[in-house]
Each structure stands twice: as C-alpha cells, then as structure tokens.
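Only the coordinates and a few stated rules stand behind these numbers; no lab work does. Model, not experiment: these values are computed from the prediction. Neighbour counts are summed over all protein chains in view; Cβ atoms, including those assigned to glycine, are modelled from backbone coordinates with ideal geometry.
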Amino acid sequence: MQMRNVRLGFIACVAAAACGTGDAALAAPPPISVPLSSEQSAGMPASDLDSFLSQLKRSNFLLGDMFGLRTFLSRYGISFAVQETSEVLGNASGGIRRTAEYDGLTQAILQLDTKRAFGWYGGLFNVSALNIHGKNFSADDLGTLQTASGIEADRATRLWEIWYQQKFLLEDRLDVKIGQLSADQEFIVSTNAAYFVNTMFGWPALPSYDLPGGGPAYPLSAPAVRVRLRPIDSVNILVGLFSGSPVTSEAGDPQRQNASGSSFPLHQGRLLFTELQYAYPSLGSMVYPGASAPLARTFKIGAWFDSEPFADQRYDTNGLSLASPASNATPANHHGDWSLYAVADQMLWRNADDPNNTLNAFGRVMDAPQADRNLISVSMNAGLVYHEPFRYRSDDTLGVGMGNARLSSAVAGYDSDASRFAAAANPGSYNPVQSAETYVEVTYQYQVRPWCQLQPDLQYVFNPGGGIIDPASPARRIQNELVFGLRINVLL
C-alpha cells in the first residue's frame, strides 16, 4: 500500500498571516475597506472599480478579501483559506501503460487565534479538511514505490487535522500541540525539498511503507501530543507521541479504513518521534546586510520508534519461507520497529545585489536497521533549488532533485525463495528479485499571480517498483519511465 504526502506549510502560513498570528511567512493581503457585493461592484464608478480590481490583483488570494469576509473574521481572530491544486501527469515511456491522468486536491483550513478572539495569549486552534479527486496515476499506470505526486490518494472528502497549540515560558520557548495531527507537517521535513512534486520529497518512502498504515501522514492523521522546546535561539527539540497506527485495522487500504478522517484510534500501540534541530543564523540573531549575511543552514537528526506488532517480510510462524508451498502463510510477528534519520538544508550562494537570488541544497537519509520486518531499509533524497533563475522573476524557483528507496534484505530473500520455488514448478519462469528504485525530477515553479502558480514537471524513474514484473509482459520487468506533468496551485 502506498501512502502519499502533501505539504500544507504554504496554506498554513497564509492562514496564519490573514489572522495576524504565529509564525506566518507571508504578509496578509491588503484589506478592502468597503465590503462589496457583485451587484454593488457592477454599479461602481470606474475609478472605484479600478481600485477594487487593483487590490484584488495584489492580494495573496484569488477572491481577495471575499468582499469583507476575511476582514470581518480577522476581528475575531479567525482566518480561513482554501487552496486548489490540480495537475495532469502523463507517462511517455515504460510503466504499466502510457497515458495521462488528472488528479486534484482541495484543502480548507480554519484557524482561531485565542489572543485576538478573547485575550488568551499563545493559543491557536486549527482544523483542516481535504477533498481528493481524480485518478491515482502512480498506482494505476506506473507501479512505482515512490509516487509521482504528493497529492495522489484515494478519492474522498475527509477531516485531516484538528488540534490546539499553546505557547509557554518567556519568549515562547515551549509550545505544546494536542489533537489529531499529521506528522509530515513537522517531522522529517526539508524546507527546500517541499518545492518538488514527487511524494517522497515530503513524507519519505521508508516510513510510508514501514509504519502501520503508512504512518500519520497525508491523507491520514492520528491522535497525538507534540512538544517543542527552544532552549537557545538556534536549537529546537521536537518530541511527538502518536497513536501507533492512524487506523484501527491493518486489513485492506488504510484510507478506506478511515475514509472520513473521523476515526481517532487510541487503543493501538504508540509511535514516538524525537528530533533535534539546529538553525543558523538563529532566531533573534542580527540581520546582516547584503553579501555579508551568513549563508542560512538547518540540520536535523531524529528517530522514531513504533510499539505496534510488525509482520516478518520473509518467514512464517513455523520458520518457513512465506514463498514455500508448505508455508502456513501467516507471517512471524515482531514487537516494535525503529528508524534513524538526518536532514540538511544549506544555502550555497546568494547574489550580493539581490538577496532573493539564491542557490540552496538539501539532503535527507533514513535507515531502518531491522530488515526482517521492513519493506524499505534505506531511503534518501537530495537536490538543488535555485530561486529567481531569471531576472525580475523573484518568486520563481527551479529545482533538480533525486530520490532512492532500497528494499530490505528480507524482501530480496523472499523474492529469491519465490524464484527458486517457481523455477522448480515451472522451469524457465521469470521471477526478478527486487532491489532499489531511483528517480530524478526537474521542476519549475512559475508565479503567475500571488495566488496562482504554474509548475511544469519532469521525472525519470529507474527500475520502477524496485524491479517488478510488467503485468502487460510477464517475461520482463517494468521498463524505466519518463513522467511529465503540469500542476497549478490556486489560493482562493
């Protein structure tokens, strides 16, 4: 089962900015002083109408102030945003079949700042929902481990996250978040990797396949408590305790097990995340002018442990290979699983005359040492991100990146067993042993308006699925794939 990830940092920042709260990265849109209905705008003097349209063009939102609604809600500490992501992805070579498919995601987020609402400092309430539509391109047409798009998932309208966050201590050095959380919003995150389309630049391949239900990540979430401590300005310590699985049953597709997102499993095991983050320049450090400013960097090391039972990838409860005709087909069980990871984001270069013109690198690696219970033993991503690749296009971004997922030795052992038994029963049959899958992606984000972004994308996949049989041609593996696509993001 393949889990997908989506990055909601952009829409969350916009929502926070509209409310005037938190760690917003974007400025709130200019307010429209007089709420207007469509009938009123049609009858306005030309000068007033031009002014209104001009403000709408400058807004971070397609619908601007929603005729005064956003300003009205902001008075009570409420922000609201909707983002539509639509894309078409196609397969020009290799894969299960050559075709193009549409898929889309509508995200809605509402936040309440308790200080603005009723004078309670440091509180933030958040609820978000998803509408997933279109086809599941990677599963239907590619057969890849590392899915081509971060928004691919089963069709559904579902609750995603609902939580409350409270800040404590002087300078807000401690904050606690509790509720239904998606771990991919804070843990194992690379800021620069978020510009890419492929799923695994967000929530990596290793937890997607090794954790029960794919882990608490898009489009699923799980009951959790997250604590963040900032002992000094440059260091954050992040700890999250989640339900061991985002679903109550491991049978079948987890997304269908919790189709509405309203299941809150608490009787499962426990999933513990710990992450140490170092950032330079640190929060609160002095601002350096021009080329003398230090090159920003962020380093993270972390680990997770899940106390759920995990099925053996190769042997049954009698110690026989699961591929053997004599097997009872019941995998041996193991208690718990764990993984280590490291993430780095590093600015490599900044234009002395234009601070928006920068070149950045990122890398992320994860390892799960207990091969007997894991599908993926190692996954990694790396790449370069170039901001403002063309003069006067300060909001555009060019990215080149790659990802690799290596299947565990237990999976390779099972494949070898299956090949041996199949050859004994049917000499000459073709049964490949899975190894690793690698992809390369080139992407360009073109900012059409503050609320609209076009993103052409190109990916090439080597050894799809780690080397699985082509269902259309059982005598060979699925051939390498050239994937092309176009994504559009619209912030309503």
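Which trypsin sites (Lys or Arg not before Pro) does the range 313-401 hold that lie in a coil by DSSP with at most 16 other beta carbons within 10 Å? Before the final figure, lay out the partial values.
Values: sites: R314, R350, R364, R373, R391, R393; in loops: R391, R393.
Answer in residue order: R391, R393.
Which parts of the range 215-235 would a label at Y280 reach, counting a residue when its backbone N lies under 15 Å from a point 7 Å out along Cα-to-Cβ?
Correct set: 233-235.
For a quick check: sort Y341, Y121 by the number of other beta carbons within 10 angstrom, fewest at the front.
Y121, Y341
What's the lysine pair count for the chain at a Cα cut-off below 30 Å, pairs eight or more apart or interchain?
5
Could you give the angle, 0 to 90 degrees to the nearest 10, between helix 409-425's Cα long axis and the longest principal axis of the Cα atoms of the chain?
40 degrees
R0 = 41 Å: FRET efficiency of L229 with R449, Cβ-based, nearest 0.05?
About 0.55, to the nearest 0.05.
Rank these for me by crowding, L105, L206, L169, going from fewest to most other beta carbons within 10 Å.
The most exposed by this proxy come first: L169, L105, L206.
How far is it, in nm, from the label point at Y430 to the one at R173 when both lie 7 Å from their Cα along the line to the Cβ?
Here the answer is 6.3 nm between the modelled labels.
Arrange L62, L491, L340 by Cβ neighbour counts within 10 Å, fewest through most, would you? Before the final figure, lay out the partial values.
Values: L62 17, L491 25, L340 13.
With the sparsest Cβ surroundings first, the list reads L340, L62, L491.
How much length would be gained if the chain were fully extended between R270 and K115, taking 0.36 nm per residue of separation minus their Cα-Cα distance, in nm to one decimal?
Gain on extension, R270 to K115, equals 52.5 nm.
Tell me what the chain gives for mean residue ellipticity at 222 nm when only DSSP H runs of n ≥ 4 count, each as -39,500 (n - 2.57), the sum divided by the residue total, rounded to 500 deg cm²/dmol.
That calculation yields -3500 deg cm²/dmol at 222 nm.
Quick one: work out Rg over Rh on the C-alpha atoms of the range 110-212, Rh as Kirkwood radius.
Ratio of gyration radius to Kirkwood radius for the range 110-212: 1.06.
Between helix 9-19 and the chain, what is the angle of the helix's C-alpha long axis to the longest principal axis, kept within 0 to 90° and rounded to the nearest 10?
30 degrees
Output the 0 to 90 degree angle, nearest 10, between the alpha-carbon long axis of helix 46-58 and the longest principal axis computed from the alpha carbons of the chain.
So the helix axis and the longest Cα principal axis differ by about 40 degrees.
Let's test the formula: R0 of 35 Å, r as the Cβ-Cβ distance of D154 and D353. What FRET efficiency results, to the nearest 0.05?
It comes out at approximately 0.10.
Points 7 angstrom from Cα along the Cβ direction at L295 and Q166: gap in nanometres?
Simple spin-label model gives 4.3 nm for this pair.
Treat each spin label as a single point 7 Å out from the Cα along the C-beta direction, and report the S262 to T99 distance in nm.
Reported label-point gap for S262 and T99 is 3.3 nm.
Stretch E250-R393 to full length: gain in nm at 0.36 nm per residue minus the Cα-Cα span?
Working it through step by step, the gained length comes to 46.7 nm.
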